[in-house]
1. Mind telling me which of the residues Ala159, Ala166, Ala150, Ala199 ends up being surrounded by 14 or more Cβ atoms within 10 Å (Cβ to Cβ) and either in a helix (DSSP H, G or I) or at pLDDT below 95 (or both)?
2. It is to be established whether one or more residues within the stretch 221-242 are closer than 18 Å to Ala179 by Cβ and either among the basic types (Lys, Arg) or out of contact with any Cys (no Cβ under 9 Å at 6 or more places or on another chain) (or both).
3. Under 6 Å by Cβ, and 6 or more places apart or on different chains, what pairs join a residue from the stretch 184-200 that is over 16 Å from Ile217 (Cα atoms) with one that is in a helix (DSSP H, G or I) and among the small types (Gly, Ala, Ser)?
4. Looking at the stretch 230-243, which of its residues are closer than 13 Å to Lys214 by Cα and open to solvent by 40 Å² or more (accessible area, probe 1.4 Å)?
5. Given the criteria at pLDDT 90 or above and more than 16 Å from the chain's Cα centre (by Cα), does Pro194 qualify?
6. Might you let me know whether the stretch 231-245 holds any residue that is within 19 Å of Asn118 (Cα to Cα), outside any loop (DSSP other than H, G, I, E, B) and either in contact with a Gly (Cβ under 9 Å, 6 or more places away or on another chain) or modelled with pLDDT of 95 or more (or both)?
7. In the stretch 202-214, how many residues are open to solvent by less than 30 Å² (accessible area, probe 1.4 Å) and part of a helix (DSSP H, G or I)?
8. Assuming Asp227 fulfils every condition listed in (1) open to solvent by 40 Å² or more (accessible area, probe 1.4 Å); (2) not in a loop (DSSP other than H, G, I, E, B) apart from one, which condition is it?
Amino acid sequence: MFFPRLRSQAKWAFVVLIVVFAGGFVFLGVGSGGLDLGQLLRDAFGNKGSSSGSLSKAQKAVQDRPLNAPARRHLAEVLEAKGRTSEAIAAWLQYGRLRPKDVSALRHLGDLELNQANVYFQQAQLASLAQSQAGVGGAFQPSAGKLGQALSQNPIASAESTKATAELQTASTNYQAAASQAITTYKQIVKLQPKNQGAIFSLAQAADSLQQTKVAITAYKRLLALDLDPTTKAQIRQRIKTLRQSSQAGG
C-alpha cells in the first residue's frame, strides 16, 4: 500500500479519486497489497446522511439574511441533496466567503468540484465520440457525379457533427473551469494548513489526476520537505520523474 502514513489523513481525497476517476488514473502504479478502495468508501460515506428540507424556505432564509453563514450552508446542502450540483457549488462558494477557514467545508467543496469536472469530462468524451461517428458516416458516401456530390454532403451527418462540435466545446470549457476551481479550493486548504501532509497530498493527487502537471509536481516536491519515510519519498520522486517525462514528451 502506497503512502500508508497519509492514508488516514487524506481518505476523503482518495474517495474523490475513486468516484471521479474510477477505472482511469491510478496514482503511482505501485503498492504491494493495493489500496482497499471499498473500505475507504465505507469509511468516508458510511455515516453520512443527506440534508433534506424545503428549497424555497432555504432560499428565502438566504434572501432575508444574506450574510448568515448557516443559512448559506443549509441552502448549499439542500441544493446538493436535490442533485442541483452546479447551484450547490455556487452556494458552497458563497458560504466559503463568509467562513473562509472552514476546512471541512472546503474539502467537501473540492469533492463536488472534482465530481463536476468528471461529469464535464465524460460529456466531452461522448461529444468527441459523436463527432467522430458523424465524420466516419460521411466518409462512406459516393464521391462521383452530381448525385454522389449531393449525398457526400450528408446534411444529417453534417448537422450531427456540428452539434457534437458545439457540445464538445462547451463540455471542454466547463471541464477546464471546474478543474481550475477544484485546484483553487485545494490550494486554499493548503494555505490554511501549510504543514498538513494530507492537505498537500490531496492537492498533489487532484492536480495529478486533472493533468495539471506543474501544480502536481510543486505539491509533490513540497511533500518531500516533510517528515516522510524513505519509501514514501522514493515513490514521490518516481512520480515526479514520470510527470516530468510525460510533460516533455507531450510538449
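1. Details: Ala159 fails: surrounded by 14 or more Cβ atoms within 10 Å (Cβ to Cβ); Ala166 fails: surrounded by 14 or more Cβ atoms within 10 Å (Cβ to Cβ); Ala150 fails: surrounded by 14 or more Cβ atoms within 10 Å (Cβ to Cβ).
Matching residue, one of Ala159, Ala166, Ala150, Ala199: Ala199.
2. Our first condition is that a residue be closer than 18 Å to Ala179 by Cβ; within the stretch 221-242, this holds for none.
Checked against the condition, which is being closer than 18 Å to Ala179 by Cβ and either among the basic types (Lys, Arg) or out of contact with any Cys (no Cβ under 9 Å at 6 or more places or on another chain) (or both), the stretch 221-242 yields no hits at all.
3. Matching pairs, first to second residue: Thr185/Gly110; Ile189/Ala199; Gln193/Ala199.
4. Keep residues of the stretch 230-243 that are closer than 13 Å to Lys214 by Cα, which gives 239-243.
Residues satisfying the conditions are Lys241, Thr242.
5. Working: at pLDDT 90 or above: yes; more than 16 Å from the chain's Cα centre (by Cα): yes.
The answer is yes for Pro194.
6. Here is the first cut: in the stretch 231-245, the ones within 19 Å of Asn118 (Cα to Cα) are none.
No; the residues of the stretch 231-245 include none that is within 19 Å of Asn118 (Cα to Cα), outside any loop (DSSP other than H, G, I, E, B) and either in contact with a Gly (Cβ under 9 Å, 6 or more places away or on another chain) or modelled with pLDDT of 95 or more (or both).
7. So the first thing to find is which residues in the stretch 202-214 are open to solvent by less than 30 Å² (accessible area, probe 1.4 Å), and the list is 202-210.
Those left that are additionally part of a helix (DSSP H, G or I): 202-209.
Result for the stretch 202-214: 8.
8. Result: Asp227 fails condition (2) only.
The values are calculated or read from the model by the stated rules, or taken from the named source; none is laboratory data. Note that the structure is a prediction, hence the values are computed from the model and not measured. Don't worry about glycine lacking a Cβ; one is built from the backbone with ideal geometry, like all the others, and counts go over all protein chains shown. Protein only, heavy atoms only, side chains kept; ligands, DNA and RNA dropped before computing areas. Shrake-Rupley method; radii C 1.70, N 1.55, O 1.52, S 1.80 Å.
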